[in-house]
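Notes follow the structure.
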Amino acid sequence: MTEHPEDEILKRQRERARLMAWLLGAFVVLLFLITVAKIGLNR
Amino acid sequence: MTPSIAQPSLPADWRDLVALTKPRVMSLVVFTGLCGLLAAPVQLPAVLGFTAILCIALGAGAAGALNQWYEADLDAKMRRTANRPLPARRMERQTALHFGVGLGAFSVLLMGLATNYLAAGLLAVSILFYVLIYTVWLKRRTAQNIVIGGAAGAFPPLIGWVAATGRVDLLPVLLFAIIFLWTPPHFWALSLFVRSDYANANVPMLPVVAGIQNTRLQVLLYSVTVVIAGIAPYALGLTGLVYGIAAVVLNTVFLVLAAAVFTNRAEDPSGMKPERRLFAFSILYLFALFSAVVIDRWTIA
């Protein structure tokens, strides 16, 4: 069986969590901008 | 021992998730989608246009991920693809499946939310077409895999146009036709000089099944149809002189290079310069022709 150093697992999890946080933040901003643009179109 | 032994308990690296989306293929998809969007007579607000292109890119990425999930065994047999995350065992297959399905569903929903549900429906169809019709059904069964499967890659300009206008018109259908007909000579030129790879993986690409000379004839015949489709937008009065001149020049070069492939008699990949040249030019062709559509439409406007 191959053993992985725990810090490598933690490092990857941390990297992915940080990336997901950025992507979610960007998604929230994008949704806000889409909403504003849609409201503008419907005026 | 190799360092790429299966490591199921190690979470996938995010760079491998990006690699699953086939970023290089995506660039052409994004570009043609963008051209469809920009050539449309309706201008979307920038953020909606950006979102439409983002969704096309994410949809293509999802299709690429699901393709790699299904074809991990094939990829392992071909030199060109053996280092992808799944065959190199840097990621579990289920991770790729979840990632692909999630990304595909997200891209379709976001497209519907930001633009319209016809564009979202077309995006869903293009993803499903690539995964189910091309990857699962055709690729391993018939030498016509590329001919029919090419439709999946032809959707982006149509989706871009529909995202902007909410309807299907003749010009984006012709743009669809150009990519659809362009795909066989493009991939057959490639498959001629990597024929052994496909043969080793038991993929029934045309050169493996029908022989090299027959494939060269098919490349030429399909190139004629590419030329007809490429000229059609100008001939039908849907574009102006800018596109007309670009189309004549680009299609002439395409046909000349296809004829050089047809007259080539080399059996060894080292003698297949005409095939390599056509393959390289075909990429430039698509970029240049679609740029011409946009420039032409803007010139007319």
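Miscellaneous remarks
- Within region B:13-33, restricting attention to residues that are under 25 Å from B:Ala152 (Cβ atoms) and at pLDDT below 90, the residue that is farthest from the other protein chains (Cβ to nearest Cβ) is B:Leu28.
- Number of the condition not met by B:Val173 [criteria: (1) in a helix (DSSP H, G or I); (2) buried (at least 17 other Cβ atoms within 10 Å of the Cβ); (3) away from chain A (no Cβ under 14 Å)]: (2)
- Annotation note: of A:Leu30, A:Leu19, A:Leu41, A:Leu10, the sole residue that is exposed (fewer than 12 other Cβ atoms within 10 Å of the Cβ) and either facing chain B (nearest Cβ under 8 Å) or closer than 28 Å to B:Ala52 by Cα (or both) is A:Leu41.
- Residue list for region B:153-208, restricted to those being touching a Cys at 6+ places or on another chain (Cβ under 9 Å) and either without any contact (Cβ under 8 Å) to a residue 40 or more places away in the chain or over 23 Å from B:Ala247 (Cβ atoms) (or both): B:Ala163
- Residue match in region B:78-98 (condition: within 28 Å of B:Val47 (Cα to Cα), out of contact with any Gly (no Cβ under 7 Å at 6 or more places or on another chain) and either touching a residue at least 40 places away in the same chain (Cβ under 8 Å) or surrounded by 23 or more Cβ atoms within 10 Å (Cβ to Cβ) (or both)): no
- Within region B:43-132, helices (runs of 4 or more DSSP H) holding 1 or more residues that are over 25 Å from B:Ala12 (Cβ atoms), at pLDDT 95 or above and more than 11 Å from chain A (Cβ to nearest Cβ): B:46-70, B:93-114, B:117-128
- Only one of the listed residues (B:Gly244, B:Gly237) is on the phi > 0 side of the Ramachandran plot and modelled with pLDDT of 95 or more. That residue is B:Gly237.
Listed here are the residues, each with its yes/no results for (1) surrounded by fewer than 16 Cβ atoms within 10 Å (Cβ to Cβ); (2) within 15 Å of the chain's Cα centre (by Cα).
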| residue | (1), (2) |
| --- | --- |
| B:Gly104 | no, no |
| B:Leu109 | yes, no |
| B:Ala124 | no, no |
| B:Tyr130 | no, yes |
| B:Gly149 | no, yes |
| B:Pro156 | no, yes |
| B:Gly166 | yes, no |
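- Criterion applied to B:Leu174, B:Leu118, B:Leu181 was being outside the structural domain of B:Ala292 (by TED's automatic domain parsing) and of a type in the set (A, V, I, L, M), and the one residue passing it is B:Leu118.
- Screening the candidates B:Val293, B:Val226, B:Val261 for the property of being at negative phi, buried (at least 18 other Cβ atoms within 10 Å of the Cβ), in contact with a Cys (Cβ under 9 Å, 6 or more places away or on another chain) and not small (Gly, Ala, Ser) yields one hit, B:Val293.
The values are calculated or read from the model by the stated rules, or taken from the named source; none is laboratory data. The shown structure was predicted, so the numbers you read here are calculated from the model rather than taken from an experiment. Note that we place each Cβ from the backbone using ideal geometry, even for glycine, and neighbour counts take in every protein chain shown.
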